[in-house]
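Participant: I'd like to ask some things about the structure below.
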Amino acid sequence: MAKSAIPQLYLQVAVPSPLRQCFDYLPPANVPLPVPGTRVRVPFRNQTLTGLVISTSCDTSFAPEKIKTVLEVLDDEPLLDQSMLDLHRWASTYYLFPLGMTLQTSLPQAVREGKSLHAPTKLTWQLSPSGLAIDPEKMGKSEAQKQIVDYLRTYTNLNTSELSTLLGKTATPALKALLTKQLVMQVPATGSITPKPEAKQTALHLNDQQAFALQEMRQALNSYQCFLLEGITGSGKTEVYLQLISEVIASGKQVMVLVPEISLTPQTVERFRKRFSAPIVSFHSGLSNKQRLDGWLAARNGTASIIIGTRSAVFTPLPRLGLIIIDEEHDSSYKQQEGFRYSARDVAIYRASAGKFPIVLGSATPSLESLQNALSGRYKLLKLTERAGDANLPVMQILDMRLQDNNEGLSHALLQQIRQQLANNRQVLVFLNRRGFAPLLLCRDCGWIAECPRCERSYTLHQQPSCLRCHHCDSQKPLPRACPGCGSTNLAGVGLGTERTETLLQTEFPDYPIIRIDRDTTRLKGSLDQFVETINSGIPCILVGTQMLAKGHHFPRVSLVAVLDADSGLFSADFRGQENLGQLLTQVAGRAGRSEEPGKVLIQSYHPQHPVLQQLITSGYGVFARTLLEQRRAGRLPPFVYFLLIGAEATMREAPLHFLQEALKLAQDLSTHDLQYFGPMTSPLGKKAGKFRAQLILQANKRTTFQRMGQQLLAALDNLPRSKSVRWYVDVDPLDFS
Ligand code: ADP
Ligand code: ZN
Ligand code: ZN
């Protein structure tokens, strides 16, 4: 009798390859079938790659004789569970980016490289809840045990050998005794040794608006709901998050907190550590690969209760996730601008809805996307309209530059005000969103301007150190001695950057420290923290800086904020220009008077009557944003329609445009209705780093239009002969139109 054939099983494996598909492999013999979410080593072309099993199936569309066998199964249990696989699959479909590459972007390097996760992780000691509660006086005689409890109260992430060093003798016996008494426990290291405050801070007494917001959120804890917490700067949003988080972790769930790149400072994490004794993992750029992996594992195995991170942390596996907080949800750093162009905010919202738990978007200046969702009822809008505690909102005022004498961009009226504040022992913040000394180097005799040949844009003049730098491609070159056009040495920097402002202020106020904060002065790790420390010491001083200064920080002694140039944002070609200007001005203004000190904001402008400035100042961001929304609705712009941008670049000038013309034809063939378009056109930055650039913007009324046609469009684009001669990419919900 013929034996019925056992059906052959195939594994669909996502490999890190730009090809937009999974590949089928045969499971290896003599080992258990790897389930979805497991890493495997597979032969791929001439290489061996680490891939992830996505699914298994009895069918294959590949020719059976071409199907290779998995070389090795790397995990005993799946690395990612079904919900994480679904999240990646959704993101890959939504952002039209290959699944294998999506996984590649979001997993820690050690995981991607196929390293064993069983490698001994550094275990560190921490007090158990009863250890935290115990009175050292009542601990018995052992000095070593008392000292250890004391150290663990003060520091996180101490391991046995570090404790031994502190004690001056081996800590092992004392630790064993403490373990038996259940006063200590072992957890994976989540970073370097950090002091922690002695006692946990208690929750503040909420004002009525905070209490109402908390109550609304608390009622939604076991289902999906997206909240928009629209709270002016300093209104106590963070305090609301902290109290909500405390309930969620008390119920045994995990919490994810996402913050903008610039706000993830030790101070931010400190604020959480001060409040919670639950293990906190933070993912920031300063981590080594090993630390990142340890944090990732602590999140994935459930040891960490709270994770705080920037954009990419949204993909961290958290088996008991029960709440996501997105602070400063309008911040553009949530959108990745290269490769896998996802929005962490939008991925997080999907994650919450799939996982059936709430998500809170918080901002003083919500994005128009989120605001529209809140106004239409998709999100629940909660407002905090007053500053918490005793702080007052700053007064905003425009300085009409047409009427002012000025010293290279600093009006006399402004200097006068700065002088007064310093004399009163206050601090002043001067904001200018342009780093370097001057945005142009000009020959005063023939009009020649120093230009980056790779980008065809003017170089920025820097003086510390002295050179010309291109802010588009980061190239630099030495300052010319003479004009290459006419030989004249009459060269001058034109316009104002933060370096020049710093110099001018030093001359005007030689007796006060001037602290410049921009990408150039904070390049060294920890330097920003040092500046912040100096500022928090409270001495009268002037801070000069770019938008780095506008975000997140508390500067309680700042009583005057000066905005040197608001006009560039007023006339931006980007349809989000005014929204961004409104956010930036409101955020920077929010740095003033954050405690008892009353604050003042002075905005220098040559267009003081401009309706955008006027409305922002007289009515505030909330009204301003709602007006902009109506303009967007009338103009058929996002968030009322959806954009998909196809960008292309090449060394041949015409190639990107030709490619995009063909792309447009393909798109039109795929969607007969619900498709409009702009372009193809040369990008605003038409050349960058030697490549010519162009873009095509597709517009649809429904979000699903792009998802429906996307995969087919990509496949068709891949097949265009021209697609090999250009570098191209697709950006869904683009923010960057440069
Ligand atoms: P936001 O996150 O909205 O900028 P924060 O939560 O950081 O605001 O609060 C701003 C300041 O007000 C902080 O110093 C905070 O400790 C304080 N604060 C917040 N809520 C209260 C409250 N209910 N009572 C007193 N002070 C508060
Ligand atoms: Zn010249
Ligand atoms: Zn350049």
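Participant: Treat every Asp and Glu Cβ in segment 1-152 as -1 and every Lys and Arg Cβ as +1, leave all other atoms uncharged, and give the resulting dipole magnitude about the Cα centre to the nearest 20 debye.
Facilitator: Charge dipole of segment 1-152: 420 debye, to the nearest 20.
Participant: Based on the alpha-carbon gyration tensor of segment 1-129 and its eigenvalue square roots a ≥ b ≥ c, which shape applies: rounded if a/c is under 1.5, prolate if not and a/b is larger than b/c, or oblate?
Facilitator: Prolate, because a/c is 1.5 or more and a/b exceeds b/c.
Participant: Out of the DSSP beta bridges found with both residues in the chain, what percent are antiparallel (nearest 5)?
Facilitator: Once the DSSP bridges in the chain are tallied, antiparallel ones form about 55 percent.
Participant: Please compute the modelled spin-label separation between E654 and F62, points set 7 Å along Cα→Cβ, answer in nm with one decimal.
Facilitator: Taking the simple label geometry, F62 and E654 are separated by 4.1 nm.
Participant: Okay, moving on. Pull up all non-local amide H partners of Y342: gap of 5 or more, or a different chain, and H-to-H distance under 5 Å with H placed in the peptide plane.
Facilitator: Q336
Participant: Go through segment 613-625 residue by residue and turn each phi into a ³J(HN,Hα) via Karplus (6.51, -1.76, 1.60, θ = phi - 60°); whole Hz please, and just put x for glycine and proline.
Facilitator: The phi angles translate into 5, 4, 5, 4, 6, 7, 10, x, 4, x, 5, 4, 5 Hz.
Participant: Now for a separate question. For an R0 of 35 angstrom, estimate the FRET efficiency from the Cβ-Cβ distance between S527 and A573 and round to the nearest 0.05.
Facilitator: The calculated FRET efficiency here is 0.55.
Participant: Starting with the highest mean, order 611-620, 496-505 by the number of other Cβ atoms within 10 Å, averaged over the residues of each peptide.
Facilitator: Working: 611-620: 17.2, 496-505: 22.2.
Result, highest mean first: 496-505, 611-620.
Participant: Working out 0.36 nm times the residue gap between S376 and S619, then minus their Cα-Cα distance, what length gain in nm do you get to one decimal? Let's see the in-between values first.
Facilitator: Working: separation 243, 0.36 × 243 = 87.48 nm, distance 2.19 nm.
Taking S376 through S619 to full extension adds about 85.3 nm, to one decimal.
Participant: Further question on the same structure: Towards the positive end of the charge dipole of segment 1-120, with charges on Cβ (+1 Lys, Arg; -1 Asp, Glu), say which of F62, A29, Q82 has the farthest Cα.
Facilitator: The listed residue farthest towards the positive side: F62.
Participant: Taking 0.36 nm per residue of separation and subtracting the Cα-Cα distance, what length does fully extending Q476 through S332 add?
Facilitator: 49.2 nm
Participant: While we're here: Amide H to amide H, which residues 5 or more places from Y155 or on other chains are under 5 Å from it, using H placed in the peptide plane?
Facilitator: K196
Participant: Stretch F640-T534 to full length: gain in nm at 0.36 nm per residue minus the Cα-Cα span? Each step should come with its number before you reach the end.
Facilitator: Details: separation 106, 0.36 × 106 = 38.16 nm, distance 4.54 nm.
Full-extension gain reported as 33.6 nm.
Participant: Can you list the GluC sites (Glu not before Pro) in segment 57-121 that are in a DSSP coil and have 13 or fewer other beta carbons within 10 angstrom?
Facilitator: E113
Participant: Dividing the Cα convex hull volume of segment 232-342 by residue count, how many Å³ per residue is that?
Facilitator: About 108 Å³ per residue, rounded to a whole number.
Participant: Please label the shape of the chain as rounded, prolate or oblate, based on the square roots a ≥ b ≥ c of the eigenvalues of the alpha-carbon gyration tensor (a/c under 1.5 means rounded; beyond that, a/b larger than b/c means prolate, else oblate). Don't skip to the answer; put the middle values down first.
Facilitator: On the way: a/c = 1.67, a/b = 1.12, b/c = 1.50.
Taking the square roots of the gyration eigenvalues as a ≥ b ≥ c, the chain is oblate.
Participant: Could you check the spin-label model distance between E508 and R727? Points 7 Å from the Cα along Cα→Cβ, value in nm.
Facilitator: Here the answer is 4.2 nm between the modelled labels.
Participant: Let me ask something additional. Quick check: pseudo-label points 7 Å beyond the Cα along Cα→Cβ at R218 and S251, how many nm apart are they?
Facilitator: Distance between label points: 1.2 nm.
Participant: Just to verify a number: FRET efficiency for S55 and N289, C-beta to C-beta distance, R0 = 22 Å, to 0.05?
Facilitator: 0.15
Participant: Kindly rank 636-647, 480-491 from highest to lowest mean number of other beta carbons found within 10 Å of each residue.
Facilitator: 636-647, 480-491
Participant: Rounded if a/c is under 1.5, else prolate if a/b is larger than b/c, else oblate: which is segment 629-687, with a ≥ b ≥ c the root eigenvalues of its Cα gyration tensor?
Facilitator: Values: a/c = 3.60, a/b = 1.51, b/c = 2.38.
Because a/c hits 1.5 or more and a/b fails to exceed b/c, segment 629-687 counts as oblate.
Where a number appears in this text, it was derived from the coordinates with a stated rule and is not lab data. The shown structure was predicted, so the numbers you read here are calculated from the model rather than taken from an experiment. Neighbour counts are summed over all protein chains in view; Cβ atoms, including those assigned to glycine, are modelled from backbone coordinates with ideal geometry.
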